[in-house]
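Every read-out reported here was derived from the displayed coordinates using simple, explicitly stated rules and does not represent laboratory data. The structure presented is a predicted model; accordingly, all values stated were derived computationally and were not measured. Don't worry about glycine lacking a Cβ; one is built from the backbone with ideal geometry, like all the others, and counts go over all protein chains shown.
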Amino acid sequence: MTESARPAPDAPRSALNAARRTADLTELAAGDPVDLLVVGGGVTGAGVALDAAARGLRTVLVEARDLAFGTSRWSSKLVHGGLRYLASAQVGVAHESAVERGILMTRTAPHLIRALPQVVPLLPSVSRSTAALVRTGFVAGDVLRMSARTPADVLPRARRVDAREAVRLVPAVRSEGLRGALVAHDGQLVDDARLVVAIARTAAEHGARVLTRVEAANVTGTGADVTDTLTGETLRIEARAVVNATGVWADQLDASIKLRPSRGSHLVFDAAAFGRPKGALTVPVPGSTSRFVFALPQQLGRVVLGLTDEEAPGPVPDTPVPTDAEVDFLLDTVNTALGRALTRADVRGSYAGLRPLLDGGDGATADLSRQHAVREAPSGVITVVGGKLTTYRAMAEQAVDTACRLRGLSAGPCRTRDLPLVGAPGHPGSRPATRADAPAPLIARYGGEARAVLAAATVPDPEGRIAEAINITRAEVEFAVTHEGALDVEDVLHRRTRIGLVPEDAESARAAVAEIVSGD
């Protein structure tokens, strides 16, 4: 990376970039002491690093690839209140999800999450008994929300609406025989990978060293050999405690656990294919009382259709992909609720993620518990696995509590329940932004940092689009490099801006992104 692409000396402590990465590696090579080493840079690993650093522990996070490289960027981008888990009697998991959703939406990351209407159209294919079951579930969801003390002005109460309102929320819904819709609300992230980056940057702000392209080997309870994959240099990091937060790869560091990955697949469409919806079209899966297919409006003028829950045995790929059967399943299910059937020709992109589920024996992966676990391996490594994106904070708190208890670490109490992430209201570096300060899409992605993104820009035409049809600004691409730890073009396209969800978009923006990343 050229000098011109590096941040000014007065960059905030939350800034992640190539220069900071080099300095951190140099200090570690010199033998700087480490209390907690975290392996894995997904949402859980970033959460562990933030929790530990905020308690005053000397913390290092190493990630072999990039922040949010694995499952954390392949979600439905829902901050889910846990309603689904009530159907399988996982009451504890459901309540924990509702509590953590409330924390995210009211205190730690409200700038990244909005209340999203989930619209279940009452079509002839939805029987009266099915509608009654959905209505009961939505009422239970309200009870969960209230038990978590999430206000109704943050997540509105469930209700029934007439056919006209159903069409307003989801214009592409089939109108023939439509007798209204049931509507409930859940939380939706503007972007899951952006949440991970915000957590990692907040951890860095509290003193954590966050190092991507650093691969760990020979991992034990007292440290690991780490290799800078950009230079090939290797050093040993000795730590008082080590946490394995590698998600679906966790059993490669801890052979004492057994995972049974489940694949969740999604298809990406132009929002116009669904009439540019304001709510999520929610279609019951035939034959199931707890599964739905969702058509979720997204940033960049897209709608994401998901999701599946299929067993994914065998080696774990870096980039999972949907199967033909999953594509057909998603299209066939959503088409039961649409006025115009969608085909494969309407699909602009696709993605899949692997859930790191603990093996619970026989049965479908859809029936396995989403409860997380924190365990000490025979090697002394503390493994945190399972769970879901919504509950990352609770998982991290338990992992750090366990590390402190088992290794005698002296740390303060957990602070993350009330610790605003960068960009959130209440964060010291955040300033409320209006349309007069920055474009609306930039505010939606950065919250109280929107003005800082533009103020830090040195590129020509900072508010200009990176490509004609994509509302990502040139300033955002530069900010990804100078403040968000992006080290190359792929980091920017696929894990800072999500342009890469549509391959055609990625190619249209690649040259301009490469120019900014290089600093030319």
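Would you please give the FRET efficiency between Ser129 and Asp437, computed as 1/(1 + (r/R0)^6) with r the Cβ-Cβ distance and R0 = 56 Å, to the nearest 0.05?
It comes out at approximately 0.60.
Considering Cα pairs under 8 angstrom that are at least six residues apart, work out the relative contact order of the chain and quote it in whole percent.
Relative contact order here is 22 percent.
What ratio of Cα Rg to 2.2 N^0.38 Å holds for segment 440-518?
0.97
Give me the one-decimal nm value for the distance between modelled label points at Glu176 and Asp332, 7 Å along each residue's Cα-to-Cβ direction.
2.1 nm
Taking amide hydrogens as modeled 1.01 Å from N in the peptide plane, which residues meet the under 5 Å criterion relative to Ser350, leaving out close sequence neighbours?
Counting only residues 5 or more places away or on other chains, the set is Val268.
When the helix-only estimate is applied to the chain (DSSP H runs of n ≥ 4, each -39,500 (n - 2.57), divided by the residue count), what is the mean residue ellipticity at 222 nm, nearest 500 deg cm²/dmol?
-9000 deg cm²/dmol
Contact order normalised by length for segment 440-518, with contacts defined as Cα pairs under 8 Å and 6 or more residues apart; what percent is it?
In percent, rounded to a whole number, it is 25.
So what J values fall out for segment 192-198 if you push phi through Karplus, 6.51 cos²θ - 1.76 cosθ + 1.60 with θ = phi - 60°, rounded to Hz, Gly and Pro as x?
5, 5, 5, 4, 4, 4, 5
May I ask you to derive the relative contact order of segment 200-314, considering only C-alpha pairs under 8 Å and at least 6 residues apart, and to give it as an integer percent?
Here the relative contact order equals 18 percent.
Between 0 and 90 degrees, rounded to the nearest ten: what's the tilt of helix 91-103 against the longest Cα principal axis of the chain?
So the inclination is approximately 70 degrees.
Could you name the lysines whose alpha carbon sits less than 21 Å from that of Lys258, not counting residues in the same chain fewer than 8 places away?
Lys388
Determine Rg/Rh for segment 387-470; Rg is computed over alpha-carbon atoms and Rh is the Kirkwood hydrodynamic estimate from the same atoms.
Ratio of gyration radius to Kirkwood radius for segment 387-470: 1.17.
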